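Okay, structure first, notes after.
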Amino acid sequence: MNQSSSMSTPSGSAIERYMPGGDMHDSGSRVENLFDLATIRGILWRQKFIVAAIVALALLIGLTATLLMTPIYTAQSTVRVNPNSIPIVQGQDLVDPYMASNEIPDYITTLTYVIESRSLAKLVAERLELDTDPDFGGAAVEASRDARLATAAAVLRQGVSAEVEDTARVITISYRSPDPGMAQKVANAYADAFVVYDLTSAADQNVYARDFLEGQIAEVRQKLRDAELQANNYARANRLVGQPMTGEAGSAGSTGTGIAPTLTASNLSGLNERLMSARADRISAEQRWRAIADRPAAILPEVQQNSSVQSLNTRIAELRSRIANLRERYQDDYPELQEALVELRTAQSELNSTQQEIKAGIRNQYETAQMQEQALAQAVENAADSTLDEQDRRVQYNIYDRDAEGLRTQLASLVTRYNDLQSAANARTSDLSVLDYANRPGAPTEPNLLRNLLVSLVLGLGIAALIVILRELLDDRLRTTDEVARKTGLPVLGQTPNTKEGIEHELENPFSPLGEVYSSIRASLDAAMDQKLPLVLQFTSTQPGEGKTTSAIALGEKYASLGRKTLIVDFDLRRPSAVRSMGLKKPKLGLVDVLYGRARIEDALVASGFENLSVLGVVKPPENPVEILSSGLIDEFIAKVRRQWDVVILDSCPVIGIADAPLMSRHADGVLFVIEANRAQAGQTRHAIRRLRDVDANVAGAVLTKYKPLEAGEGYRYAYNYYAYEAADTA
């Protein structure tokens, strides 16, 4: 059967995905599931009436509010902005500083805030004398004029707005008013007041700047005077005579060493020069003396070159010549010879004395130079100490002097800036000019019916979405096989459609969607139970009315159609319905009679009209169903029917509230749990399944009944693809 195989594909895939121990498909939290396309489609279908009602109410409110609104007229004037005008006089950049191109959009945006400011609104109210207009709060005569102007400004600010295009330097001033004439007048007044306000603000800024500079100049002058007096007083107290350091070494007025030319410094410089000269003289005298100290005086160049020594040597030579001549003629005792000898000895003695004196004079020169050097060195050391002390004082003086010099420079800069500002203030022009004045509006701009309806629609959809999401988050009903598998942990054997025609008619047609689905469920159930025969199956659900009896009958017929002897036993001892659901005549003997041995099974069976299918119903609900199900009678009965039938289907009670189904599950090979789509709660279903598993019941799987594809988010074509397939096959 092609149709049957196509129906079994979804169920089979569901079993593969959701079998215990398999790969459990996790789609996240309920909030995340709301963003699934199929989920959204299902939500919209389920909540369509709520969404439609809320949206319709919002549109009605929007329409009513629009019709009740007062018509508002809007007048617009435009102002051109030219932030970088050409300077007229030198120094105008102080009044109108140059603005970089990337700063102009921010500047123009700032101007829009100025237009909407309280200050400009008060200026417009004053120019138009709105403090006496009743529409702007002028009726309060007892209030002061400033209070009435403030009230009028507040009313103006509610109606004024300023806009600017991204690439334009034009500001559009709009004013909204119920009176078109007033809208035009106020819009034009705002344009004029804006230009005047800009000039006034600039003038106020100039006055503030001049006052500020005057105060700064006076303050700096006083500081300069105090700094100069402090420097002079310090120099007088520390006797610092001379100019301060002039800069680079070797410049005019400088000693070349960076020391100021004061008296102490000049004295030290002179002593240094004299010390250097004395040291050179001492070195020269010392070298001269050391060169002759160990040599005879007669061979010294200084002695030989001395005129006295030369004169004495000449006389001695003459005396010796004379004595030699006399000795040739006379004896040594000759008086003239004796006199010559005495003169010779006297001359030689005088020569020796002169030579020694010359050598001693050289030594005296060395010693004198040495003493002079020592004296000058001591004088330089004393002068250096005085100079260092003066330098320490000079450092503090220089600090005072630099402070004064800095104040001089600052004062000169302030005076120059003040003069430039004074000359440029009167030459400033406004950056703003009125481009177009507003015309009288001919039609109202508010209320805008289309816009209000769109806003109402958006708000209605938003409120509806919020309510729908809250309802869905609070609603845990099971609608799809995916939700059943994910929230209960059971393998889903299949789902049955919600049919509008009678179930009996659907089951009689083997090609109906309902019949095909139960064929698929039967195949999946055989696979889950490993084709076990004989097979005892129990059908139960969370609550009554979920389709467990219909499912039991349908599967019984499917098993019987395969040639398997099948028995349907109505074990719902409280509300039996299997016989009535199959349209059979109520029997005289039933299950209770068979359990108590008052009748044989064969006598209590009801013919179903299907081959290989028998039904055992309940004539009258017993008073003690729990005692019956807890007794050993059930074991005997199950053992007996296993021997006579291939498949035994037990239609038992729902799980919630009563103990019948858990007690009965101990005798079944497998339990088939029936869940009604869009009705069964996930929490209750999990609780019911947990009760079955607490008694070690083998829950073979679940069947989702009364499935509505549109409410689950499936398309219309999905709901009727079976009929389309049948029609195509028939054709």
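Read-outs throughout are calculated quantities, based only on the coordinates presented, and are distinct from any laboratory measurement. These figures come from a predicted structure and were not determined experimentally. Glycine gets a Cβ as well: all are built from the backbone with ideal geometry, and neighbour counts include every protein chain shown.
Just a few scattered comments:
- Counted charge near Asp651, where neighbours are those whose Cβ lies closer than 13 Å (Asp, Glu -1; Lys, Arg +1): 0
- Rounded if a/c under 1.5, otherwise prolate or oblate - the stretch 581-622, Cα gyration tensor axes: oblate
- Computed over all pairs of different Cα atoms, the Kirkwood value for the hydrodynamic radius of the stretch 570-717 is 16.9 Å.
- Simple rule: put +1 on each Lys or Arg Cβ and -1 on each Asp or Glu Cβ in the stretch 263-425, find the dipole, and look at Pro296, Ala285, Ser321; the Cα lying farthest toward the positive end is Ser321.
- Dipole size of the stretch 529-626 about its Cα centre, with +1 on Lys/Arg Cβ and -1 on Asp/Glu Cβ: approximately 180 debye, rounded to the nearest 20.
- Span per principal axis, largest first, for the Cα atoms of the stretch 532-640 (Å): 35, 31, 31
- Full extension of the chain between Arg295 and Glu636 yields a length gain of 106.6 nm, computed as 0.36 nm times the residue separation minus the alpha carbon distance.
- Taking the stretch 40-65 and a reference point 7 angstrom along Cα→Cβ of Leu449, the backbone N atoms nearer than 16 Å belong to 59-65.
- Subset of Lys565/Lys586; Lys487/Lys640; Lys558/Lys708; Lys586/Lys640 violating a 29 Å alpha-carbon distance limit: Lys487/Lys640
- Contour minus Cα-Cα distance for Ala317 and Arg274 (0.36 nm per residue): 10.8 nm
- Highest-first arrangement of 575-584, 634-643, where packing means the average Cβ count within 10 Å: 575-584, 634-643
- Electrostatic tally near Pro662: other residues with Cβ closer than 13 Å to its Cβ, Lys and Arg +1, Asp and Glu -1, net +1.
- The stretch 263-425 - Rg (one decimal) and Dmax (whole number), Cα, Å: 36.0, 130
- Peptides 662-670, 345-353, 156-164 ordered by average Cβ neighbours within 10 Å, highest first: 662-670, 156-164, 345-353
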